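I have placed the structure first, in the form of C-alpha cells, so that the comments after it can refer back to it.
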Amino acid sequence: MLSIGICDDNYDARFSLRSALERLLEESSGQARFLEFSSGEGLLGWLDRHQGELDLVFLDMEMGEMDGMETARRLRQAHEGLQLVFVTGFSDRVFDGYTVGALGYLLKPAQPQQLEEILQRTAAILHRQEEQVFLCRSGDITYRIPKGSILYFVSDRRQVTCVTPQRSYTFYGKLDQVAQEVGRGFVRIHQRYLVRAGAVERVTTGEVLLGDVTLPISRSCQQAAMTALTRAALED
C-alpha cells in the first residue's frame, strides 16, 4: 500500500487532489494511505518524526513562508528515496523541479491521466528499489528502509527492531527470516543481533562497536562472525 503525502496551503486544492487520486486507486483496486499538510514546515517536521513513512509527496509550489521548491530541497537532503511531484497553477516554473529530481510537474487541476501515470511510475520505482531497501510492516504502515542506513537488528521474543541512526522500527518477525531478506552485507553476531558489516567500526574480543553502540558477539557466532566481518571489510 502506497503512503502519499499532499502538501498545499489550500484546503480545497488538497481535497480535490486527494479525491482524484482515491478515484483512480478505487478503479484499479489499489490502496493508499493519505496524509495532508498545509505547509512545508509541517511536512518536514512530521517526516523528522516519521522517517520512512511516505513514498510519494505532491508539493504545491506556491505556499507561505517556505515554498514548494525550498521544501523539496530540504526533503531531498534528508529523504533521498522519497518521490516528489510538484503541482502549481503556473506553467513558467515547469523546469524548476528537475533540480531536485522531481518525478513530475502537474498544472492545477491535475488531470486523471497525469495522476495515473505518476502512480504507475512511482510503483515501478519502488519495485526497482526493493533490492536496496528492507521492507517491514508495523500496523497499517509499510516502511521502506534503505539497507545502507541500517545499523543493526535486535530480536526480543516475537518482535524484531531495526535500528538506524535516525530512529528504530519494531515489527513482528524472526531474526532468521530477516537475515535471509537482507542478504549479504549483514552478519549474525549473536542469537539476538544481526549487524550491517559496513556499520561496524571496530571488533574486539567478544564485542563489535557501531559508533556509540557496543554489541556482544556470542561464543557460538564468534568464528563465523569474525570471518564474515573480515571478508566484508576487505570487499568494502
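Among (1) in contact with a strand residue (DSSP E or B) (Cβ under 9 Å, 6 or more places away or on another chain); (2) in contact (Cβ under 8 Å) with a residue 12 or more places away in the chain; (3) surrounded by fewer than 11 Cβ atoms within 10 Å (Cβ to Cβ), where does MET226 come up short?
Going through (1) in contact with a strand residue (DSSP E or B) (Cβ under 9 Å, 6 or more places away or on another chain); (2) in contact (Cβ under 8 Å) with a residue 12 or more places away in the chain; (3) surrounded by fewer than 11 Cβ atoms within 10 Å (Cβ to Cβ) one by one, MET226 breaks only (3).
Which of (1) modelled with pLDDT under 90; (2) open to solvent by less than 40 Å² (accessible area, probe 1.4 Å); (3) out of contact with any Pro (no Cβ under 7 Å at 6 or more places or on another chain) does ASP140 not meet, given it meets every other one?
ASP140 satisfies all of (1) modelled with pLDDT under 90; (2) open to solvent by less than 40 Å² (accessible area, probe 1.4 Å); (3) out of contact with any Pro (no Cβ under 7 Å at 6 or more places or on another chain) except (2).
Would you be able to say whether some residue in region 118-132 is touching a Lys or Arg at 6+ places or on another chain (Cβ under 7 Å) and more than 30 Å from TYR105 (Cα to Cα)?
For region 118-132, residues touching a Lys or Arg at 6+ places or on another chain (Cβ under 7 Å) and more than 30 Å from TYR105 (Cα to Cα): absent.
Look at SER28 and say whether it is out of contact with any Pro (no Cβ under 9 Å at 6 or more places or on another chain), open to solvent by less than 30 Å² (accessible area, probe 1.4 Å), among the polar types (S, T, N, Q) and closer than 17 Å to GLN111 by Cβ.
Details: out of contact with any Pro (no Cβ under 9 Å at 6 or more places or on another chain): yes; open to solvent by less than 30 Å² (accessible area, probe 1.4 Å): no; among the polar types (S, T, N, Q): yes; closer than 17 Å to GLN111 by Cβ: yes.
In short, no.
Identify the residue in region 179-196 that is at pLDDT 90 or above, open to solvent by less than 70 Å² (accessible area, probe 1.4 Å) and not in a strand (DSSP E or B) and, among all such residues, is nearest to ARG231 (Cα to Cα).
Ranking the qualifying residues of region 179-196, first place goes to ILE189.
I need a count of the residues in region 31-46 that are open to solvent by less than 40 Å² (accessible area, probe 1.4 Å) and among the charged types (D, E, K, R).
From region 31-46, those open to solvent by less than 40 Å² (accessible area, probe 1.4 Å) are 32, 34-35, 37, 39-40, 42-46; that's our starting set.
So of that shortlist, the ones also among the charged types (D, E, K, R) come out as none.
Residues that pass the stated criteria total 0.
Take region 198-223 and flag every residue that is in contact with an Asp or Glu (Cβ under 8 Å, 6 or more places away or on another chain) and either outside any strand (DSSP E or B) or open to solvent by 60 Å² or more (accessible area, probe 1.4 Å) (or both).
Listed by number, the residues that qualify are GLY198, GLY211, THR214, ILE217.
Assuming LEU25 fulfils every condition listed in (1) under 15 Å from the mean Cα position of the chain (by Cα); (2) touching a residue at least 60 places away in the same chain (Cβ under 8 Å) apart from one, which condition is it?
(1)
The values are calculated or read from the model by the stated rules, or taken from the named source; none is laboratory data. Remember, predicted model here, so these are calculated numbers, not experimental data. So basically every Cβ, Gly included, is an ideal-geometry build from the backbone, and we count neighbours across all protein chains shown. Only protein heavy atoms, including side chains, enter the accessible area calculation; ligands, DNA and RNA are left aside. Shrake-Rupley method; radii C 1.70, N 1.55, O 1.52, S 1.80 Å.
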